[in-house]
Amino acid sequence: MTKTRDLADLGGGFIQVGTGAVQRTVESKLQDVVSVKDFGATGDGTTDDSSKVQAALDAHDVILFPEGTYFLDGTVSATSSKTLILQGTLDCTGTSSSVLISGPLHVNGGGFEVDYESDPASQKLKIRNSDTTSFNQYVQHLNPLWFNGSDIGEKINKAFQCGGNKTSVHVPCGTYDLTTTISLNESVNGQRLTLKGESTMSPTFTMGANSALVGINTSNSDEAYVENVRVLETVGARTGVGILLGGTSLTVTNCWFSNTKYGMLVNGGQGMNISNIYSEACDYGLLCGARFADYSIDGMVSGTSVLNNRFHQLYLFNCGSSNALGPAGLRVSNYSQLSVSGVSGTVAEGDTLTAAGGATVPVVSMNSDKTIIVVEIDEISGSFSFPETFTTSSGGSGTVSSAQTNQIKALDFSQLSCVSCDRNGAYITNGLGLTIQGQFRNNGTDATSGSAGIYCTASSVATATVVNTLFADQEVSGSPGGYGADIRGGSFSFVGCNFANQQGSNQTRGISSSSGTVSATGCIFTGISTATTGTITTVNCFGSNVVNSDPVGPVNNSLVFNEGPINAATNTVVSGQPLTDGQQEFWLCYGHNANDTLASFYLINVTNEDDTIDSLILNNGTGITFAVVDNGDSTYNITATNPNANNRYAKGFLVSYAS
């Protein structure tokens, strides 16, 4: 029989199990943990426990909420000196609920019942400092699973709204159904919001097939931060947006967007930093479109200008829509929103809208009541005069009263990868001051009528500089083959780029220019049957069939030494080498008209015992004359004169040896 001890045996006291434990009174022991039930709270989910909870908070600093639902239909304030331990749920949905938690919070299986408010000032639960305007400094981040909601999007939005400005919401690893747009809207959920996956295995937000939903909306954010999350649409028609980018000074990093219509969509925003993003199997890996809105998608908003944004380490893979021209890994286009009224008949996406004055433009999108029609600026033929009546190809009619247009300007793409896209790696119609650096490889996997690493439309007003970029192995099953870059308008400058057919692909052309202003400087063309077509200014370019144009300014001073044979038929210089003793071939490059001076150079520090050129042979058999002047300071000035028009190269030999 087990012997028991009663309080009389202990002298009315309590001894904890374990060596060194001391005797305490039972009353003292029971006061170690203060429960709201000690003050009469019921936790039955219907009785208003507000006054009981406040009484507990007024009397003690650490309060336990055991399992149960505590309906708080009054005012409750837990100041910074109060610690709450939630094993149960606080229901803050009462008509008079007003709950402020500004101290430490420990949620151990419990959480919160709250309503999402259109006016954030009406939020009945505030997990914030006592002034209610900034985040609770004792709560490092909010877990959305603490909050009620039909899906992860609703839970996250409630967490943001309860936390207010500077709230950080960390989502545990897992897969979550997403039916509500996650909003980092500063006017509703606060400024400087953070959405983050809390582990190295990013949480996945799954939108149902054909859901036509914006996954994450940052279009009206201020200094928001998104990291380590994945958004995908389940297999089916691509209808949604992974993330709608915008606002001011947004940062998005280490994220993944899959199988949506738009992986990333920028329709406005300034000072954004978007980095380390993987966007795959989307119609558009990244669409930058000022004033663009696809109103068929829930959560879409009208845009503004897209200015001064940085995109770094974007990997846009397997994007596009079969042989369709517009969808691509990267799309940069400008749009206009027409304000219309009196619409009757049918107005549908893809219609041609014709104004009474003769202007025509395809319809890209429209809102549900057809008071806003989105069109692409570069596809407008003619001009509108407002107000002006219109008709559509589907038999609709109405009046255009005004247009809203914004800019795309100063976008920086570094370490950009557009790979294995259906037709074009990038499709550009607009944008001033674009800079691009990266790689365009194996695009055109589903193309039947031409593909390109970069495709620019004939009506383009884009200006772009493309630096140190690889264009390799663009594919296409039909004529005319793949292009590294197919430029049909705008102004493009390619500097230090490599155009290569490395895998026996059908990339037959390096750069094609049918319109606009195009230049290539210091570019290499390898395995390309046609390096350039059209009007292109080429300077210091090497490879098959390259014809360098007249240089401008100091680039005339171009002297290249080369060891080994030079292909005189193609004027190919394989590699530049330092001058050493022995015979060296060199090229003097450029010149166009008869009697041009091809180049004037200095040779410095010719290495032998007496620092002199012992023998100089300058002759390439074309009648080009050379002059060499010993400057008396171990430098030599070499000039070549071309008597023949259109001969842009001179070949010679420089011989030196050690005495």
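The values are calculated or read from the model by the stated rules, or taken from the named source; none is laboratory data. Everything numeric in this text was worked out from a predicted model, so none of it was measured. Heads up, the Cβs are rebuilt from the backbone with ideal geometry, glycines too, and the neighbour counts pull from every protein chain shown. To get the accessible areas, we keep the full protein, side chains included, count just its heavy atoms, and leave off ligands, DNA and RNA. Shrake-Rupley method; radii C 1.70, N 1.55, O 1.52, S 1.80 Å.
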Whole-Hz Karplus couplings 3J(HN,Hα) for segment 302-311, θ = phi - 60° and coefficients 6.51, -1.76, 1.60, Gly and Pro as x, run 5, x, 9, 7, 10, 9, 6, 10, 10, 10
Restricting to lysines and to Cα separations under 27 Å from Lys409, and discarding same-chain partners fewer than 8 apart, the set is Lys261
Whole-percent carbon and sulfur contribution to the accessible surface of segment 431-480 (1.4 Å, no ligands, DNA or RNA) stands at 55
Using alpha-carbon positions, the gyration tensor of segment 196-283 gives root eigenvalues a ≥ b ≥ c; with a/c under 1.5 called rounded, otherwise prolate if a/b exceeds b/c, else oblate, the class is oblate
Amide H contacts under 5 Å for Val340, restricted to residues at least 5 apart in sequence or on another chain and with H modeled in the peptide plane, are Ile372, Ile373, Ser401
A student applying the Cα gyration tensor rule (rounded when a/c is under 1.5; otherwise prolate if a/b is larger than b/c, oblate if not) would label segment 251-350 oblate
Packing-ranked peptide list from 374-386, 141-153, highest mean Cβ count within 10 angstrom first, is 141-153, 374-386
Taking 456-464, 200-208 and ranking on average Cβ neighbours within 10 Å, highest first, one gets 456-464, 200-208
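Taking 8 Å as the Cα distance limit and 6 or more residues as the minimum spacing, I'd like the relative contact order of segment 214-348 as a percentage.
Across segment 214-348, relative contact order equals 21 percent.
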Expressed per residue, the solvent accessible area of segment 412-506 in Å² (1.4 Å probe) is about 28
In this structure, among Lys37/Lys166; Lys124/Lys155; Lys82/Lys124; Lys52/Lys124; Lys126/Lys166; Lys29/Lys126, pairs with alpha-carbon gaps over 22 Å are Lys37/Lys166; Lys29/Lys126
On the accessible surface of segment 185-340, probed at 1.4 Å with all protein chains in place, carbon and sulfur together account for a percent value of 45
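For segment 341-485, take the convex hull of the Cα atoms, compute a quarter of its surface area, and give me that in nm², please. Walk me through the numbers on the way to the answer.
Working: hull surface 40.2 nm².
That works out to 10.0 nm², a quarter of the Cα hull's surface.
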accessible surface per residue for segment 245-340, probe 1.4 Å, DNA/RNA/ligands not counted, whole Å² -> 25
Along segment 51-66, Karplus-curve 3J(HN,Hα) (6.51, -1.76, 1.60; θ = phi - 60°) to the nearest Hz, with x for Gly and Pro, reads 5, 5, 5, 5, 4, 5, 5, 5, 8, 9, 9, 10, 10, 9, 10, x
Most packed first (mean Cβ within 10 Å per residue), the peptides 13-26, 97-110, 318-331 order as 318-331, 97-110, 13-26
For segment 1-143, shape from the Cα gyration tensor axes a ≥ b ≥ c, cut at a/c of 1.5 then a/b versus b/c, turns out prolate
Amide H proximity to Thr517 below 5 Å, modelled H, separation 5+ or other chain, gives Gly490, Ser491, Phe492
For segment 21-115, the dipole about the Cα centre with charges only on Cβ (Lys and Arg +1, Asp and Glu -1), to the nearest 20 debye, works out at 380
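In debye to the nearest 20, how big a dipole does segment 318-428 give about its Cα centre with +1 on each Lys and Arg Cβ and -1 on each Asp and Glu Cβ?
100
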